Amino acid sequence: MEVQNRFEILQKVQEEKTPDELWEDIKHIIKDTAAEHLQKKQKSRNKEWITSDTWKLVTEKRRLKNATTPGEQQQYKKLKQEVQKNLRRDKNQQINSICTELEEQAKRGNSRGTYEKLNELTRKFAPKMHCIRAKNGLMLSDKKMIADRWKEYGNELFDGEIEYKSMEEINSHPNNNKQNFEPPPLRSEVEEAMRKTRNRKATGIDDVPIELLKLGQEEAVNIIHKLCCKIWQTGEWPNDWLKSVFIPIPKKGDRKECTNYRTIALITHTSKVMLRIILNRMDKKMEDDGRRRISTSSRQWIRYVQSRFCRR
């Protein structure tokens, strides 16, 4: 309710704002309200499957680790055996619990829940790598040097893929006819795009999940529609929308080599609304021309959108 009220107030503001300024206001409303009313889940360092009785034994064993008297040393050995026995018991109970939940999820036909439980059961431990190999073969362990190496590798991957054009270049093109410009997005297009944007996805640099935006309901649709129309008219995208968070995921092979990682790009969820609107219009245009629809997994349409609407 508070998000809706603040969006309604922002909608009534008559001050002319750039798309980036309007997006910053929307982002702050969502994040401030979420920080005030939602509790952030704290990640526990302790393993949840270990019971409290076992933890008590572990604590007592740690206390006696540096014992010097023969009696305490003997007690330490007994505690060590008992702790290992209890840990094996607790681990077996956790595995049985996961298998039971896995069967229940499969019976319900919940593919997401089934996959999550299966992944939890079969996932192997992968230690973090604190070094990477440079292009010349040297090992890098400094954080800044590792970040620079990943930046260099990312530039090599995507160098020359996208040709950026400014709005001045687009408007001055001889084949450009303003009468053929697409009209701004309709409110119904924004509402449909927001509804079809998937939940439970990793956020981009803005750290605003689509679930929080959907909680704004009608007022959220109105303010995002206003933002999309401003972007459409000016050709200027918010700065957050032009940035991606690249996550390297290891493949098989030497994990010290950048080439043995595949990268995924996390973009802001709100920018997906705009991209979906553009994709739907491109699909409709190609259907009218009798051509094959654009696959959502294809990168051509993303390149087109970025070269057409994004600016550096």
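Measure up Lys214/Lys272; Lys17/Lys284; Lys31/Lys143 against 21 Å on the Cα-Cα distance and list the ones that go over.
Values: Lys214/Lys272 13 Å; Lys17/Lys284 31 Å; Lys31/Lys143 29 Å.
From the list (Lys214/Lys272; Lys17/Lys284; Lys31/Lys143), the Cα-Cα distance tops 21 Å for Lys17/Lys284; Lys31/Lys143.
Per-residue accessible area for Lys196 at 1.4 Å probe radius, Å² rounded to 10?
The value for Lys196 is about 90 Å².
Check which residues have an amide H placed less than 5 Å from Leu266's amide H, if you skip close sequence neighbours.
Counting only residues 5 or more places away or on other chains, the set is Val245, Phe246, Ile247.
Could you check how much of the accessible area of segment 194-296 is carbon and sulfur, as a whole percent, using a 1.4 Å probe? Display every interim value, and only then the final one.
On the way: 2700 of 5470 Å².
That fraction is 49 percent.
List the residues whose amide H sits under 5 Å from the amide H of Tyr261, counting only those 5 or more places along or on another chain, with H placed 1.01 Å from N in the peptide plane.
Answer set, sorted by chain and number: Lys251.
Along segment 76-86, what does the Karplus equation 6.51 cos²θ - 1.76 cosθ + 1.60 (θ = phi - 60°) give for ³J(HN,Hα), rounded to whole Hz, x for Gly and Pro?
Per-residue couplings from phi come out as 5, 5, 5, 5, 4, 5, 5, 5, 4, 5, 5 Hz.
Got a sec to turn the phi values of segment 47-55 into Karplus ³J(HN,Hα) couplings, 6.51 cos²θ - 1.76 cosθ + 1.60 with θ = phi - 60°, whole Hz, x for Gly and Pro?
Each residue's phi maps through the Karplus curve to give 6, 5, 7, 7, 6, 5, 4, 5, 4 Hz.
List the lysines whose Cα lies under 19 Å from the Cα of Lys124, skipping any in the same chain that are fewer than 8 positions away.
Hits, sequence-local ones excluded: Lys47, Lys91, Lys251, Lys252, Lys256.
The values are calculated or read from the model by the stated rules, or taken from the named source; none is laboratory data. These numbers come from a predicted model, not from an experiment. Only protein heavy atoms, including side chains, enter the accessible area calculation; ligands, DNA and RNA are left aside. Shrake-Rupley method; radii C 1.70, N 1.55, O 1.52, S 1.80 Å.
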